[in-house]
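To start, the structure itself, in structure tokens.
The values are calculated or read from the model by the stated rules, or taken from the named source; none is laboratory data. This is a predicted model, so every value here is computed, not measured. Here the Cβ positions follow ideal geometry from the backbone for every residue, glycine too, while neighbour counts run over all protein chains shown.
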Amino acid sequence: MQFNVALLAAALVVSASPALSATVVFFSGADCTGQNIGQRTDLGPNVCLTLGSRSARSIRYSGIPNNIRFYESGGGHDSCTNGATTTLGGGSGCSTAPAGFNWESVSYN
């Protein structure tokens, strides 16, 4: 009987845990304002998401399990290379690129 109760309790905990689904939205303005210029809701961990030849002033994110990395536009950091400019913790939030820069790409884990 104890085994059945423990198994049932474990099954309830697993079924109650929501699956995280990462969402990333690119904005033309600071503080996640302005025009939505791109969005992904199926972004996988450790995959570089880029806008190609476009960039965003800010990025809103949600469903990030551990941390999210932002890479500035214009050269050495394009396409998630040469280290992130900013790394933030998991969960959700908004990140505005440093003054004089835009975000070109993003990845998370």
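Might you check whether a residue that is touching a Lys or Arg at 6+ places or on another chain (Cβ under 7 Å) and modelled with pLDDT under 95 occurs anywhere in the range 62-75? There is no residue in the range 62-75 that is touching a Lys or Arg at 6+ places or on another chain (Cβ under 7 Å) and modelled with pLDDT under 95.
One residue is enough: does the range 89-104 have a residue meeting the conditions in contact (Cβ under 8 Å) with a residue 60 or more places away in the chain, under 14 Å from the mean Cα position of the chain (by Cα), outside any strand (DSSP E or B) and surrounded by fewer than 20 Cβ atoms within 10 Å (Cβ to Cβ)? Checking the range 89-104: not a single residue is in contact (Cβ under 8 Å) with a residue 60 or more places away in the chain, under 14 Å from the mean Cα position of the chain (by Cα), outside any strand (DSSP E or B) and surrounded by fewer than 20 Cβ atoms within 10 Å (Cβ to Cβ).
Restricting attention to the range 49-61, the residues that are of a type outside the set (F, W, Y) and modelled with pLDDT of 95 or more add up to 6.
For the range 5-22, the count of residues that are modelled with pLDDT of 80 or more, over 16 Å from T87 (Cβ atoms) and touching a strand residue (DSSP E or B) at 6+ places or on another chain (Cβ under 6 Å) is nonzero.
Can you tell me how many residues within the range 24-51 are in contact with a Lys or Arg (Cβ under 7 Å, 6 or more places away or on another chain), surrounded by fewer than 16 Cβ atoms within 10 Å (Cβ to Cβ) and in contact (Cβ under 8 Å) with a residue 60 or more places away in the chain? Within the range 24-51, residues that are in contact with a Lys or Arg (Cβ under 7 Å, 6 or more places away or on another chain), surrounded by fewer than 16 Cβ atoms within 10 Å (Cβ to Cβ) and in contact (Cβ under 8 Å) with a residue 60 or more places away in the chain number 1.
Given the condition under 16 Å from T33 (Cα atoms) and in contact (Cβ under 8 Å) with a residue 24 or more places away in the chain, answer yes or no: does some residue in the range 66-75 qualify? Looking for residues that are under 16 Å from T33 (Cα atoms) and in contact (Cβ under 8 Å) with a residue 24 or more places away in the chain, one finds none in the range 66-75, hence no.
In a residue-by-residue description of the range 28-37, the property of being outside any loop (DSSP other than H, G, I, E, B), at pLDDT 95 or above and within 24 Å of G83 (Cβ to Cβ) applies to at least one position. Does G63 satisfy the condition of being on the phi > 0 side of the Ramachandran plot, outside any loop (DSSP other than H, G, I, E, B) and buried (at least 17 other Cβ atoms within 10 Å of the Cβ)? Yes; evaluated as a whole, the condition is true for this residue.
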